[in-house]
Each structure stands twice: as structure tokens, then as C-alpha cells.
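Written out below as C-alpha cells is the structure these notes cover.
Read-outs: derived from the displayed coordinates by stated rules, not from any lab. Only a predicted model underlies this, so the values are computations on that prediction, with no experimental measurement involved. Every residue, glycine among them, receives a Cβ derived from its backbone with ideal geometry; neighbour counts consider all protein chains shown.
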Amino acid sequence: MNEVLLQTRDLGVEFAVSGGAVHAVRGVDIDVRRGEVVGIVGESGSGKSATMLALLGLLAPNAKVHGSASFNGIEMIGAPHEQLRALRGGRIGMVFQDPMTSLNPVLTVGRQIAEAIEVHQPTLRPKRVMARVQELLEVVAIPNASERMRAYPHELSGGMRQRVMIAMAVANDPELIIADEPTTALDVTIQAQILTVLADLRSRTNSALVIITHDLGVVAGVADRVNVMYAGRVVERGPVEELFYRNQHPYTAGLLACLPRLDTRGRDLEPIGGAPPLLDHLPKGCAFVSRCKVAEPRCHDVDPQLRDVGTVSVACHVAPAATSAMKAMKAVDA
Amino acid sequence: MTVADESSVDDFQPQPAEPDPGRKRSWRKLVRRPQIAFGLIVCFIWLVVILTVHWWAPYDPYESVGDRLQPPNGDFWFGTDALGRDVFTRVLYGARQSLPIAVAVIASAVLIGSVLGAAAGFLGGWVDRVVMRLADVTMAFPAILLAMAVAAALGPGLKNGFIAMVIVWWPIYARLLRAQVIAVKQREHIESAVSIGATQGRILRKHVLPLSFTGVLVNATMDLGQVVLLTASLSFLGLGALPPAPEWGAMITEGAKYFYQWWIAVAPGVAMVTVVLAFNFLGDGLRDALDVKAATR
């Protein structure tokens, strides 16, 4: 297997708010290997974005980050400002969710991509920079690149703008691309195109790709391995196939059960009842316990740690019996 | 600013992108607004006066050239003052006093205020607190009162008046720019600039300031008129230009002594009205033209 490019250990993020702290990320261990596509899945507020933003020092000033995250063996948490800045956009590229607002409206897109290059290669001659911009636009499959360079963001459609964002992120051939909900703001048809562009880029440059999303469909299409996050923790992780077909955590199973499927027409979708716990008032035991159908007494008292069960790692006391118990309950209901 | 193709399914449809002709068109659109056109024309006339008046003015502004206190007539269009000087000539020369000082005051105030305001908004923390408290303290005084106090402390004269007015005016721009910078700083494209590794200085220069400056530009244009008025007010009170300088406010002071010789005070007053009106129109027009939200509403 390839060497580990990014490794987080016991990474935690707290936001200081009036009257206490919100524990957005609580001890996350994630490994990303060179050339691999890792999906991080979870609902809003599960800490999936905060985990990745914490690495790059992009969180709001009221955030406190602890634990460790090393990139190529370099510790990033608490690293000097200048060192992080050199990593951002240089060896780590970032693609944001909303291409409508993430581009500067008063600069041409070519100018903005050029800036990403100039920041990291200040000695490059302007002509070479512009040639590279055009090349990048062609790489992300924008037709007529030499003309599009001179367009302003409002002259481009959402999909085009997201391509521009991707071009900015990969301008300096990063080793790691972090895509934070890259397709959420786009039409379904465009989503597929953007994912294809990202996957193409990854295989071309052998960089690693982390896709943060709430959309299991996105993950199923492109990821090699998946981390499922809930209430600031990774509750289950494993190879994508295993996670979809042999998952062990009731939350993962619940997420998959509430997806509409073509082969279960006419049947009601099964939402997960309840709501996630408040991150400033977490229960003592498992964070999922109040919504779990198969919870046992010990689930209320002891927070489960990740452990290997079958082909996946799961943080659940009841596993491996949990998902089979849920299936049995479903059979009884039917 | 929204564009019709946002939801376009066909992502590959080429769209025309011609930024340069567009820019030219918007300039023409700007000039075609009657407010802006009026403002520009009046400003242009006064500019020509300032630059060329010494070639064609009918008389010398400092010399007694006829009988004193003559009402307007064919030789002296706006009459003569108590010393027999031509009022029309003095009004024209007055522009040389008031307008350059207005421009200088606004330019200095914008410069100082912008630097401090941008630093306060962008850096936040103690810089923000110090600058804003200073601004609050300054703005707590009525403008004319503070200007008078400063001018009185430094002694009369246009130079000290200038210093006084800059002290009065910088907080307006500091607050304006600070508010804009804070608003723009939170936009997502700033975060994406951070994520490509741009330095703080670069982000402020290239991404924050260009989007924050509209309000300052509009306000500065309107304030030009206000400074002309304040300069005249200081001179009127004897704290600005000193006699015999042909300054509008000082001329009005002289005119006030001769109540029945109305032309002595009215002529510089009318000149001031045209200038202030022109700057206000220009500022109003600019605000309407630059306020994207209002334009698309």
C-alpha cells in the first residue's frame, strides 16, 4: 500500500461560544494515503468540514484545535502561520462548496487562477503564468479556454465556475486536494461532470483526494475508502464496497435506509428518528444512543471506541449484531 | 449581477465575454445620467476658471478699481465692495482658494481614514478598538465646533483650517471603510483566497479593498461640497482665510457688514451654491450608478 500522506490523531476542534464550548470534532483519526480517494460522510454539523478546515488553519478565530495532524510527516496543528500559508494552495488544494460566492466578482477568472500560481511561484514570468492558466482551464475541461480566461465569474454558469475553482486548487500540482461539498450547489447532471473532472485530475497527478459530502451517492461513485462521521466522531470506516454492503453501525445503516432506491418503489423511506445531540451538551455514552433502535444499557454509559469488526472499523458496542438486529426488526414491521 | 444561465443544463454553451467594450459602455452610461452630467459640467467650468482666470479676469482682485459699493452694472457685473474691488473678479479668484483646499482636505482625510479604517476592519482586535475609540471621540464633537477649536488653537489661516478639517473628517472614512472591509472580509471568495495561500497583505490589497471602496468614493464626492462650506464657515468666523484674500466665506463676512449692498455677500454665496450642488449631484449620481443592488431592484 502507498505511504500515508495525511494522518490525523485525536484531532479535536472546539468553538468557544457564550456559556461554554461546542465540541465540533472529538478525537478524529483519519489516514489519507498518496493517490487515494477518501470520502468523509456525515450530516450537517457532524464535524466533517471542521476536521479538514482545522488542518489548514481556516477555522474561525474562536475555534480551538488540539490533537495532531501530520502532512508528509510535518505537524500542521500549531504550525507557524507562514508554513501553513505555503501549504495552502501549494501542496494542499482546496475546493469549496459554493462556486457562486467563492470567486471574486471583480476579477476575471484567469486572473484569479493566475494569482494562485503567482502566490507560490512568484518568479514565474507573466507569459508562462498565463500559459499555465490556459492549460489548467483545458485540464478541467473548459472549452475555448483562451477566451474564457477573460470572463468574469458572473458570465459563467455554476458548473463552469466550479471547474474554475478546481483549476485554482490544482494550479500548483498539490499532493492533496480537499473538496468540501464540491457538488452540493450544482445540478445533478453537472455534479457527475465535476466528479469526473476531479477523478481525472487525481489519476493524472496521483494526488490524494478527500471528498467531504453528505451525499452517499457521491462517495459511492468515486471514493476508495469512506469515513462516516456523527457528532464530531468517526463512527464507521472502511472500503467503500464494504461500507455499503457490510456496514456495522446503526447510523450508517440508517443513512442507507433513508436513500430512495429504484428497487424499493412504493415503499416509504425510513428516516432516522430524532435529531443529533447538541454538541455543547453531549450525552455520557454513545452520541447516537437517543436515536438508536438497538441501544443497550451500556450504550448510555460508555462511549464506544472504533474497533475492527469484519472488514470495517466501527464505534458501536452492539456490532456486529446491530445491523442484523435492525434488519430483523424491519422484517417484523413488514 | 445574476445571470440567466445559472441553471443552464448545457454547461458547454459558449457565452460572449467582452469585458473591454462593456467597460466603455458603462462609462458612457454614467455620463448620460443627468445628475452626473450636470455635476461634471459645473465642476469642469470651475476647473477652467481656476486654471485660467488670471488670463481673462476683468480686474485685479486685490486692487481698488472703481467707486466703492457700486451695485451691479455693465462695468462691474456683481458690483464693487467696500474697498472698490470688483466682486465678480474676487468670486472667480475665490474658487482658487476654496476648491483646492476642499480637494486637499478630502484627499488627506480619505487617505488617513482609509488606512486606519482598513487596518481596523481587517486586523480587528486592539487595532480596531484603538482606531474606533479615537474616531468616536472625534465624532462626538459637532464638526464646526471641533474645527473651530482646532483652528483657534493653531491660529487663523487656511493652512491651519486645512489641518482642522482633516482632523474633523478622517473618522468618517475610517468608519465607512472599516464597515465595508468587515463585510467583504467575511465573503467566501476571501476564504478561497486564503485557501490558495495568498498572504494577508495581498488579500487586503487585491480582494478586500477594491470591493470596499465604493462607499468612500461616493461619500468623498459629496463631502467635497461640505468642505467648501466648512472652509467658508471658518473664514466667515475669521478662522480661515485672512483678508485681503478673496475667499468666499471671508467675502460674505465683509458683505454682512453692508446689509443694503446685498451683492457683496450674495455673489460668493451663489458661487458656493453651484459648487456644493454640483458635488452633491455628482455624489448622488455615483451612488445610484455604483449601487448594484439598487440598480437591479
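Residue by residue through the range A:71-107, note down the ones that are facing chain B (nearest Cβ under 7 Å) and surrounded by 19 or more Cβ atoms within 10 Å (Cβ to Cβ).
Within the range A:71-107, A:R85, A:R88, A:G89, A:G90, A:M94, A:F96, A:D98, A:S102, A:L103, A:N104 qualify.
Given the options A:D268, A:D263, name the one that is more than 19 Å from the chain's Cα centre (by Cα), outside any loop (DSSP other than H, G, I, E, B) and within 30 Å of A:T189 (Cα to Cα).
Every option except A:D263 fails the conditions.
Can you confirm whether the range A:158-176 contains a residue that is within 11 Å of chain B (Cβ to nearest Cβ), crowded, with 19+ Cβ neighbours inside 10 Å and over 30 Å from A:I30 (Cβ atoms)?
Yes - at least one qualifying residue is present in the range A:158-176.
Every residue, every condition in (1) within 14 Å of chain A (Cβ to nearest Cβ); (2) more than 18 Å from B:A120 (Cα to Cα); (3) out of contact with any helix residue (DSSP H, G or I) (no Cβ under 7 Å at 6 or more places or on another chain); (4) not aliphatic (A, V, I, L, M), yes or no:
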position	(1), (2), (3), (4)
B:P156	no, yes, yes, yes
B:A164	no, yes, no, no
B:I190	yes, no, no, no
B:L204	yes, no, no, no
B:Q226	no, yes, yes, yes
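In a helix (DSSP H, G or I) and under 18 Å from B:H189 (Cβ atoms): does that describe A:R128?
No: the conditions fail for A:R128.
Looking only at the range A:74-111, which residues are part of a loop (DSSP other than H, G, I, E, B) and basic (K, R)?
A:R91
Results for (1) more than 18 Å from A:D173 (Cβ to Cβ); (2) touching a residue at least 24 places away in the same chain (Cβ under 8 Å), shown as yes or no for each residue.
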| position | (1), (2) |
| --- | --- |
| A:L53 | yes, yes |
| A:Q83 | yes, no |
| A:L87 | no, yes |
| A:V106 | yes, yes |
| A:L137 | no, yes |
| A:P153 | yes, yes |
| A:G158 | yes, yes |
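Going through the range B:184-233 one residue at a time, which ones are part of a helix (DSSP H, G or I) and of a type in the set (D, E, K, R)?
Within the range B:184-233, B:K185, B:E188, B:E191, B:R202, B:R205, B:K206, B:D223 meet the criteria.
Out of the residues in the range A:192-222 meeting the condition of being polar (S, T, N, Q) and under 22 Å from A:V164 (Cβ atoms), tell me which one is nearest to the other protein chains (Cβ to nearest Cβ).
A:Q193
Here is a check on your reading of the model: is B:R133 touching a residue at least 24 places away in the same chain (Cβ under 8 Å), charged (D, E, K, R) and either closer than 19 Å to B:V218 by Cα or part of a helix (DSSP H, G or I) (or both)?
no
Being of a type in the set (A, V, I, L, M, F, W, C) and outside any helix (DSSP H, G or I) narrows it down to one of B:F44, B:F88, B:F38, B:F76, so name that one.
From the options B:F44, B:F88, B:F38, B:F76, the qualifying one is B:F76.
Out of (1) free of Cβ contacts under 8 Å to residues at least 40 places away in the same chain; (2) farther than 30 Å from A:G217 by Cβ, what's the single condition that is false for A:L58?
(2)
What is the number of the single condition among (1) part of a helix (DSSP H, G or I); (2) buried (at least 23 other Cβ atoms within 10 Å of the Cβ) that A:I211 does not meet?
So A:I211 meets the others, but not (1).
(1) closer than 30 Å to A:S18 by Cα; (2) within 9 Å of another protein chain (Cβ to nearest Cβ); (3) outside any loop (DSSP other than H, G, I, E, B): which one isn't true of A:E147, the others all being true?
(1)
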